[in-house]
Amino acid sequence: MSGKEYDGKRDFSTTPEPSGGKAPLDEPFFVIQEHAASSHHFDFRVSIGGALASWAVPKGPSTDPREKRLAVRTEDHPLAYADFEGVIPKGEYGGGRVIVWDRGPVGNVSEKNGEKLALKDALQAGHVSVRLHGEKLTGVYDLVQTGFRGNEDAWLLVKRDDDGADARRNPTSTQPESVLSGRTVDDLKPSLTKSP
Ligand code: MN
């Protein structure tokens, strides 16, 4: 299943991105894709209600609870997108290089006034709390809608102070490899030397 907005932005005869397909995990999961496009960013996605709720995080996720990272909500992506790595052609929406930077199951720890909230209700309420079980990131992250400057797509991504927090780590710099293929976004650059 994919969304109208996602489909409408893409020409599937040109882009290698999926228009649908199977989820890579049977349980609720997250995926973070590094995306070297006109602006370099990390796409943070969580499976909610049969699609990937998505945010573009210009500076990427931090493991330091003091860091508040801007996260701009973008269109829902199909679940199968969590398997996508490759080159989106120049001129296409999101043209650039994509790798799966981290991925794994999530636990929902969202709540409101002490009551547990389903993920779709937490998304609606503008405060999603997920415990990540990734290869690089672990522990709880909060996504909080701020509506900064009247922009309802403006959220913040903040690490909670728990066992997964570490102010000295900087995994977006020190661990650039894909958890699926071991490639970096630079490895996907078209070769400058012509093949024979
Ligand atoms: Mn992106």
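For the residues Leu123, Leu137, Leu156, the requirement of being touching a Pro at 6+ places or on another chain (Cβ under 9 Å), at negative phi and of a type outside the set (D, E, K, R) singles out Leu137. Can you tell me which residue among Gly139, Gly107 is outside any helix (DSSP H, G or I) and surrounded by 15 or more Cβ atoms within 10 Å (Cβ to Cβ)? Answer to the selection: Gly139. Exactly one residue among Asp142, Asp121 is modelled with pLDDT of 95 or more, touching a Lys or Arg at 6+ places or on another chain (Cβ under 7 Å), under 23 Å from Ala154 (Cβ atoms) and acidic (Asp, Glu), and that residue is Asp142. Of the residues making up region 101-112, one or more are within 16 Å of the ligand (Cβ to nearest atom) and of a type outside the set (D, E, K, R). The set of residues in region 2-43 being within 12 Å of the ligand (Cβ to nearest atom), loosely packed, with under 14 Cβ neighbours inside 10 Å and within 15 Å of Trp55 (Cβ to Cβ) consists of Ser39 alone.
Does Tyr141 count as under 13 Å from the mean Cα position of the chain (by Cα), away from the ligand (no atom under 16 Å from the Cβ) and not polar (S, T, N, Q)? Here the answer is yes, as Tyr141 does meet what is asked. Would you mind stating whether Val72 is surrounded by 20 or more Cβ atoms within 10 Å (Cβ to Cβ) and in contact with a strand residue (DSSP E or B) (Cβ under 7 Å, 6 or more places away or on another chain)? So Val72 fails the test.
So is Arg69 part of a strand (DSSP E or B) and more than 11 Å from the chain's Cα centre (by Cα) or not? It is true that Arg69 is part of a strand (DSSP E or B) and more than 11 Å from the chain's Cα centre (by Cα). Condition first: within 18 Å of Leu157 (Cβ to Cβ), in contact (Cβ under 8 Å) with a residue 60 or more places away in the chain and acidic (Asp, Glu). Now tell me which residues in region 16-56 satisfy that. If the condition is that a residue be within 18 Å of Leu157 (Cβ to Cβ), in contact (Cβ under 8 Å) with a residue 60 or more places away in the chain and acidic (Asp, Glu), then Glu34 is the only one that fits. For region 142-153, which positions are at positive phi and not in a loop (DSSP other than H, G, I, E, B)? Arg149, Gly150, listed by residue number. Suppose the filter is closer than 25 Å to Glu75 by Cβ and without any contact (Cβ under 8 Å) to a residue 60 or more places away in the chain; does Gly95 pass it? Spelling it out, Gly95 is indeed closer than 25 Å to Glu75 by Cβ and without any contact (Cβ under 8 Å) to a residue 60 or more places away in the chain. The single residue among Asp161, Asp187, Asp102 that is part of a strand (DSSP E or B) and either at pLDDT below 95 or out of contact with any helix residue (DSSP H, G or I) (no Cβ under 6 Å at 6 or more places or on another chain) (or both) turns out to be Asp102. Each residue in region 51-83 was checked for being touching a His at 6+ places or on another chain (Cβ under 9 Å), more than 11 Å from the ligand (Cβ to nearest atom) and hydrophobic (A, V, I, L, M, F, W, C), and 3 pass. Which residues, counting only those in region 1-57, are among the polar types (S, T, N, Q), out of contact with any Ser or Thr (no Cβ under 7 Å at 6 or more places or on another chain) and within 24 Å of Arg69 (Cβ to Cβ)? Gln33, Ser38, Ser39, Ser47, listed by residue number.
The values are calculated or read from the model by the stated rules, or taken from the named source; none is laboratory data. A quick note: this is a predicted structure, and the numbers were derived from the prediction, not measured. When we count neighbours, we look across all protein chains shown, and the Cβ atoms used for this are built from the backbone with ideal geometry, even at glycine.
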